[in-house]
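Below you'll find the structure, written out as structure tokens, and then a few comments.
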Amino acid sequence: MSENPATLSDAFDADVSMTRDDVRHRYELHVADKLAVVIVFRDRPGHVDLIHTETQDGFEGRGLAKVLVRYALDDVVASGKRIIPHCPYVARFVEKHPDLYTQYTDQPDGV
């Protein structure tokens with residue numbers, strides 16, 4: 001499990017932390033001690049398939065999902081694996097940042 005506490009310069013909240021939970025197959029963003037956003041993933045040979053992003057009730061509209069998506073994508077790239085963006089939210093993020101992630105992305109089958 002990797003961890004990266006957000007810095008105090010983050011505009012949304014200084015008490016944010018992100019982790020990759022390999023046992024539960026998900027990336028998590030916590031605000032203080034509360035789970036705020038989850039990205040479910042599946043490890044595949046040479047790839048990480050990002051399946052679903054979900055923001056918990058009460059944390060919507062704060063830009064937290066975007067922060068966790070960037071963390072997850074950067075983690076996949078740093079691991080030397082390729083991204084499969086099955087999650088529509090992740091796919092849109094990759095499309096909006098082609099200079100950062102397109103070269104590390106393989107489209108899901110059927111897309």
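The values are calculated or read from the model by the stated rules, or taken from the named source; none is laboratory data. What you see is a predicted model, and the numbers here were worked out from it, not measured in a lab. Positions of Cβ are backbone-derived with ideal geometry, glycine not excepted, and every protein chain shown enters the neighbour counts.
Quick check on this structure: which one of GLY80, GLY61 is surrounded by fewer than 15 Cβ atoms within 10 Å (Cβ to Cβ) and either more than 19 Å from MET18 (Cβ to Cβ) or modelled with pLDDT of 95 or more (or both)?
Within the list GLY80, GLY61, the selection yields GLY80.
Residue-wise test of (1) touching a residue at least 12 places away in the same chain (Cβ under 8 Å); (2) hydrophobic (A, V, I, L, M, F, W, C).
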{"position": "ASP15", "(1), (2)": "yes, no"}
{"position": "ARG42", "(1), (2)": "yes, no"}
{"position": "PRO45", "(1), (2)": "no, no"}
{"position": "ILE51", "(1), (2)": "yes, yes"}
{"position": "LEU68", "(1), (2)": "yes, yes"}
{"position": "ASP74", "(1), (2)": "no, no"}
{"position": "VAL77", "(1), (2)": "yes, yes"}
{"position": "PRO85", "(1), (2)": "yes, no"}
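From the list ASP49, ASP74, exactly one residue is at pLDDT 95 or above, within 14 Å of the chain's Cα centre (by Cα) and surrounded by 16 or more Cβ atoms within 10 Å (Cβ to Cβ). Which is it?
ASP49 is the lone residue from the list that is at pLDDT 95 or above, within 14 Å of the chain's Cα centre (by Cα) and surrounded by 16 or more Cβ atoms within 10 Å (Cβ to Cβ).
Taking the criterion of being modelled with pLDDT under 95, of a type in the set (Gly, Ala, Ser) and in contact with a strand residue (DSSP E or B) (Cβ under 9 Å, 6 or more places away or on another chain), would at least one residue in the stretch 25-33 satisfy it?
Within the stretch 25-33, one or more residues are modelled with pLDDT under 95, of a type in the set (Gly, Ala, Ser) and in contact with a strand residue (DSSP E or B) (Cβ under 9 Å, 6 or more places away or on another chain).
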